[in-house]
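S.K.: Could you have a look at this structure, given as structure tokens, before my questions?
The values are calculated or read from the model by the stated rules, or taken from the named source; none is laboratory data. Since the model is a prediction, treat every value here as computed from it, not as a measurement. So basically every Cβ, Gly included, is an ideal-geometry build from the backbone, and we count neighbours across all protein chains shown.
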């Protein structure tokens with residue numbers, strides 16, 4: 001079936017057609033491009049929520065509960081993209097997460113898609129914006145992106161959402177670590193999950209301190225101080241308050257005009273990702289060329305360093 | 001002090017000078033290139049050992065003990081590069097690891113360097129081969145690279161070593177997960193650490209099964225079946241046997257000529273990394289150009305998809 005027809009079916013609520021579109025986006029190539037061409041002009045109205053945090057922090061359960069809370073408030077259905085870091089090592093644990101999330105999501109209007117990161121992280125940076133766009137274009141609002149916060153790419157993906165939630169747990173660490181890690185920059189809302197455990201109020205205080213230390217408000221710009229919410233995702237306590245804050249942040253974004261800046265940032269991030277993809281292909285083609293193989297041979301015989309070889313291989317492009 | 005002088009000092013055993021060189025390599029730029037130019041021609045004789053596995057598997061303790069065992073057998077000193085994934089979230093835990101490793105390394109001849117991954121993972125893929133080259137050129141042999149196996153880049157780095165050790169623990173998961181993750185392809189030696197715990201023999205059996213399933217020996221190529229070793233790194237048991245297997249694998253590589261192939265693969269990997277770095281700079285420059293900003297504006301007004309905009313921005317390069 002041609003891509004435009006699949007797209008029409010998906011817009012009319014056909015879940016299998018939507019799954020098909022997301023698969024095309026993940027695979028990339030000509031059909032993936034076609035999905036982007038069709039969905040880009042009509043996307044852009046959904047609220048994109050990013051959620052990130054350490055493995056085991058309860059992200060999937062929170063995502064599931066948040067989707068349920070959002071669903072009660074929304075007639076358009078909730079889209080969820082869960083990044084499954086099918087890492088060589090942690091693959092199994094994540095599979096467990098997925099099952100946990102499915103347990104708490106049972107509304108008809110929610111569409112959950114797991115995306116694998118196996119392969120290049122570059123691929124992930126390209127596939128996720130495409131998946132957001134599709135869910136947005138077929139009418140899901142909000143779209144929640146859950147990523148595990150263990151890699152720069154994953155944090156960037158969550159960080160380019162309209163509203164980014166960072167989940168921590170008691171005993172998670174002190175302000176120095178978090179500050180060093182740049183979480184201040186991406187978090188619009190902090191969640192201390194497993195709030196019933198000892199150390200929860202310490203975690204909260206550390207975050208408050210960190211926000212105080214990091215606060216350098218520009219008087220010419222509207223500021224938003226990330227609220228810190230306490231949740232126990234397993235029994236759902238604190239989730240309604242979390243959803244209220246997501247809504248409040250969305251209003252703030254719209255009223256201040258910050259939403260536009262976020263969207264521009266996300267577009268720039270995606271366009272650069274596509275530029276890198278195209279240039280990557282160009283680089284590999286050159287490396288496989290006669291000249292590339294000759295240069296590699298010089299590297300291997302230790303006549304030329306890899307840096308010098310790369311510069312020579314691209315000399316004509318770098319001059320332009 | 002000019003880079004060649006620092007290099008001379010490092011070759012004469014000045015540890016601070018060596019630290020300086022590694023910092024230059026990490027920072028990149030002109031001085032980093034200079035270090036590569038000087039060290040590349042004289043590097044290439046050290047045995048590079050990669051070690052990877054899940055967080056908490058005991059990698060750092062094994063690395064420390066392995067360095068001690070290697071040091072007893074080597075007059076040239078042991079270099080260790082430990083990749084510290086100062087991830088937004090796991091930074092604290094890793095700091096703990098570093099301390100544990102320092103406890104078990106006390107020989108004068110061992111040089112340990114932690115490298116941060118904060119920033120781009122591309123930066124890591126460039127800095128690590130550079131660090132290996134420096135340690136190799138100033139005379140450390142073997143050079144052990146420890147990476148946490150949670151990202152593709154980290155696994156690739158460990159996987160491009162001469163000998164790659166994959167550490168698992170009891171209860172780590174089944175053969176399906178590991179197979180899916182492609183560990184079969186990178187492991188030359190498996191270690192089941194915490195072998196005193198329940199489930200250790202199950203883990204071993206799963207790995208054996210996995211190796212049986214994955215074995216498709218090419219009759220025209222020499223084959224190496226990854227041995228599976230049981231260790232308890234905390235008390236050092238099994239470490240001598242592990243070191244013996246590393247030495248055996250090294251001999252196998254040399255005798256079969258496979259070492260050359262591994263080295264070529266590593267050179268190619270590094271050269272491609274440098275090509276990507278240069279092209280990435282080119283892409284960012286273009287994106288910031290007048291044309292790039294105009295195309296981005298079209299993306300933002302939803303006239304053009306990011307993919308189409310990227311293709312247009314690079315049209316002249318892609319034709320060539």
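S.K.: For segment A:19-29, how many residues meet the condition of being surrounded by fewer than 19 Cβ atoms within 10 Å (Cβ to Cβ) and at pLDDT below 90?
M.R.: Total satisfying the criteria: 3.
S.K.: Name the one entry in A:271, A:210 that is in a helix (DSSP H, G or I), within 14 Å of chain B (Cβ to nearest Cβ), in contact with a helix residue (DSSP H, G or I) (Cβ under 6 Å, 6 or more places away or on another chain) and within 30 Å of residue A:200 (Cα to Cα).
M.R.: Matching residue, one of A:271, A:210: A:210.
S.K.: Exactly one of (1) more than 12 Å from chain B (Cβ to nearest Cβ); (2) under 29 Å from residue B:292 (Cα atoms); (3) modelled with pLDDT under 85 is unmet by residue A:215. Its number?
M.R.: Just one mismatch for residue A:215, condition (2).
S.K.: Please verify whether residue B:307 is more than 8 Å from chain A (Cβ to nearest Cβ), over 20 Å from residue A:312 (Cα atoms) and in a helix (DSSP H, G or I), treating the condition exactly as stated.
M.R.: Criteria not met by residue B:307.
S.K.: Further, regarding this structure: Identify, from the list A:69, A:116, A:43, the residue that is at pLDDT 90 or above, within 18 Å of the chain's Cα centre (by Cα) and surrounded by fewer than 22 Cβ atoms within 10 Å (Cβ to Cβ).
M.R.: Exactly one of A:69, A:116, A:43 is at pLDDT 90 or above, within 18 Å of the chain's Cα centre (by Cα) and surrounded by fewer than 22 Cβ atoms within 10 Å (Cβ to Cβ), namely A:43.
S.K.: A follow-up question, please. Specify the residue that is nearest to the other protein chains (Cβ to nearest Cβ); the eligible residues are those in segment A:173-206 that are buried (at least 23 other Cβ atoms within 10 Å of the Cβ) and at pLDDT below 85.
M.R.: Looking at residues that are buried (at least 23 other Cβ atoms within 10 Å of the Cβ) and at pLDDT below 85, I get A:183.
S.K.: Return yes when residue B:248 is over 30 Å from residue A:277 (Cα atoms), away from chain A (no Cβ under 13 Å) and in contact with a helix residue (DSSP H, G or I) (Cβ under 8 Å, 6 or more places away or on another chain) and no when it is not.
M.R.: Against the criterion (over 30 Å from residue A:277 (Cα atoms), away from chain A (no Cβ under 13 Å) and in contact with a helix residue (DSSP H, G or I) (Cβ under 8 Å, 6 or more places away or on another chain)), residue B:248 does not qualify.
S.K.: A follow-up question, please. Residue B:294 - would you say it is under 18 Å from residue A:270 (Cβ atoms) and within 7 Å of another protein chain (Cβ to nearest Cβ)?
M.R.: Details: under 18 Å from residue A:270 (Cβ atoms): yes; within 7 Å of another protein chain (Cβ to nearest Cβ): no.
So residue B:294 fails the test.
S.K.: Sticking with this one: Go through (1) at negative phi; (2) at pLDDT below 95; (3) outside any helix (DSSP H, G or I) for residue B:49 and report which single condition fails.
M.R.: Of the numbered conditions (1) at negative phi; (2) at pLDDT below 95; (3) outside any helix (DSSP H, G or I), the odd one out for residue B:49 is (2).
S.K.: Could you pull out the residue among A:295, A:279, A:304, A:260 that is within 30 Å of residue A:129 (Cβ to Cβ) and in contact with a helix residue (DSSP H, G or I) (Cβ under 6 Å, 6 or more places away or on another chain)?
M.R.: A:279
S.K.: Would you be able to say whether some residue in segment B:142-152 is within 12 Å of chain A (Cβ to nearest Cβ) and modelled with pLDDT of 70 or more?
M.R.: There is at least one residue in segment B:142-152 that is within 12 Å of chain A (Cβ to nearest Cβ) and modelled with pLDDT of 70 or more.
S.K.: Can you tell me which residue within segment A:59-86, out of those that are in contact with a helix residue (DSSP H, G or I) (Cβ under 9 Å, 6 or more places away or on another chain) and part of a loop (DSSP other than H, G, I, E, B), is nearest to residue B:299 (Cα to Cα)?
M.R.: A:77
S.K.: If you don't mind, there's one more thing I want to ask. With respect to residue A:260, determine if the residue is more than 7 Å from every other protein chain (Cβ to nearest Cβ) and modelled with pLDDT of 95 or more.
M.R.: For residue A:260, the condition - more than 7 Å from every other protein chain (Cβ to nearest Cβ) and modelled with pLDDT of 95 or more - is not met.
S.K.: Could you tell me whether any residue of segment B:130-139 is farther than 24 Å from residue B:187 by Cβ and at pLDDT below 85?
M.R.: No, the conditions are met nowhere in segment B:130-139.
S.K.: A follow-up question, please. Hey, among B:50, B:19, which residue is within 20 Å of the chain's Cα centre (by Cα) and not assigned by TED's automatic domain parsing to the domain that holds residue B:129?
M.R.: B:19
S.K.: Looking only at residues in segment B:214-236 that are farther than 20 Å from residue B:51 by Cα and out of contact with any helix residue (DSSP H, G or I) (no Cβ under 7 Å at 6 or more places or on another chain), which one is surrounded by the most Cβ atoms within 10 Å (Cβ to Cβ)?
M.R.: B:223
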